[in-house]
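Before we start, here is the structure in question, set down as structure tokens.
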Amino acid sequence: MKKSLLVLSIALLTLASGFAQRKQRTEEELKPLEKAKDTASYNMWSIEFSLGQSKGVNPYTPGYFSSNPNAELGSVKANNINLAFRYMMTPKFGFKFDVSSDRLKNNSPESLPFDVQQYRLGVQGVINATRLFNAESQFDRFGLLLHGGFSYARVTPKYDSPIVGEIDNFGKTENTFGVIFGLTPQFRISKKTSLQLDVNMITNFRQHFAWDGHYSETQNNLAGKLLNASFGISYSLGDKPEHGDWAVIPSKQVKEIEALEKRIGEMETLMNDTDKDGVPDYLDVENNSVAGVAVDTKGRMVDLNNNGIPDEMEAALARSFASKDSVAKTVEASTDSALVTRFINDGYIATFFDVNKSKPTNVSTEGIDFMLTYLRNNPTASIDIIGHADESGDSVKNVKLSNDRAISVKNVLVKGGISADRLNVVSAGEDTSVDGTSAEAKTLVRRVTFKVK
């Protein structure tokens, strides 16, 4: 029996420690473990406290008994106090340190009186059997821990022997070593708290005191056995919301699928083409080009003469004014003027800004050039300069920022020779027409647009 207990305890410890050692063999193998700790959604430490009964199974001196079989349950007082700290290296394997106090007295009137105090320290490996067999969903709030390891104890008789002629062992202390193994059913009552029933069998290999306090000769090893059952509470330590024994741990396959879905989502975002010009947004430096107008490889509308009007639109206007009939020319001119006005008022002409900036970006000043040319060619026209901001940050500040952007564009046009009386500044504030969680989408609304009056 002694050998079987020793082998079982050593096996439990070897299984738990061997798993940890395998993770620590090389620096490369250690990195995934450290990453898992950093991103763990559960607490690895817990504290456990319990009260219960300890009973010395054997040995006893003739005339001494451990308990009264006829005693009522309510008359049996707790004689065991246990405190433990447990650390789970992984969701399935861990270890714990525990300290306990056992006070063994006679509870039977047929037994001679005795009083023995034992203080014990234990180091044990722990296995979360529920996770080991992948039965978390079936057990729900219930769980089961298996544990086993080594113990060190100090045994001290507290009661003088009543037998005349025997050696008085009162106050003498013996150090003993042994093994302990047990099981702990659990029931979760909150995310960080669970109730538990802990049942242990302790076998001391070096013990010469009987549980009644009598001493055996040194050469006669008594190999005492102690049975303990206690009821208590386990509380998770840490800033995570879940107790380590109950948190849902995604499997490796689930994590791989989530990572793959994230990568696909990122690729889809990169391949978005907001202005439908055939150039993905991540390559498009001018993502507000007019649909149907030719663009280069960077999404910029082709403007070879750099006059602020895309070449295709300029060619269309030139064809309109190429008519030989002056009346037809006037009609076409007015038609083209209405087309350009609609082009402006629909927001195709715009200039863009960086985050929290009121100065236009270098690549978006073509919109201002276009409006400067338009106002010079239409001296009676006046316009609204409408500033916009994305919905990031404080709304009041965004109203001021959109106004500052409109003023900045107005100042450029005034310096270009346009009378300030023809330019009216409008603050449109936040533009919520795009996805506020998308950084790419928000670049489209940090802008100034124009409206011909």
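Do we find that Lys442 is under 33 Å from the mean Cα position of the chain (by Cα), buried (at least 16 other Cβ atoms within 10 Å of the Cβ) and either farther than 26 Å from Glu268 by Cβ or among the basic types (Lys, Arg) (or both) in this structure? It would help to see each step written out before you state the result.
Numbers: under 33 Å from the mean Cα position of the chain (by Cα): yes; buried (at least 16 other Cβ atoms within 10 Å of the Cβ): yes; either farther than 26 Å from Glu268 by Cβ or among the basic types (Lys, Arg) (or both): yes.
The answer is yes for Lys442.
Still on this model: For region 348-437, which fully contained strands (runs of 3 or more DSSP E) count at least 3 residues that are within 25 Å of Thr269 (Cβ to Cβ), more than 50 Å from the chain's Cα centre (by Cα) and free of Cβ contacts under 8 Å to residues at least 12 places away in the same chain? Spell out how you get there, then give the answer.
Details: elements: 350-352, 383-389, 423-430.
Answer list for region 348-437: none.
Return the residues of region 126-179 that are buried (at least 17 other Cβ atoms within 10 Å of the Cβ), modelled with pLDDT under 80 and outside any loop (DSSP other than H, G, I, E, B); say none if nothing qualifies.
Glu136
Continuing with this model, one more query. Report the residue count in region 184-204 for those that are touching a residue at least 40 places away in the same chain (Cβ under 8 Å) and either buried (at least 16 other Cβ atoms within 10 Å of the Cβ) or part of a strand (DSSP E or B) (or both).
Count: 14.
So, one more: Only one residue in Ile349, Ile368, Ile386, Ile407 is among the hydrophobic types (A, V, I, L, M, F, W, C), surrounded by fewer than 21 Cβ atoms within 10 Å (Cβ to Cβ) and touching a Ser or Thr at 6+ places or on another chain (Cβ under 8 Å). Which one?
Numbers: Ile349 fails: surrounded by fewer than 21 Cβ atoms within 10 Å (Cβ to Cβ); Ile368 fails: surrounded by fewer than 21 Cβ atoms within 10 Å (Cβ to Cβ); Ile386 fails: surrounded by fewer than 21 Cβ atoms within 10 Å (Cβ to Cβ).
One residue alone meets the criteria, Ile407.
Taking region 77-125 only, how many residues are surrounded by 16 or more Cβ atoms within 10 Å (Cβ to Cβ) and assigned to a loop (DSSP other than H, G, I, E, B)?
10
The values are calculated or read from the model by the stated rules, or taken from the named source; none is laboratory data. Because the structure is predicted, anything quoted here is derived from the model rather than measured. Backbone-built Cβ (ideal geometry, glycine too); neighbour counts: all protein chains shown.
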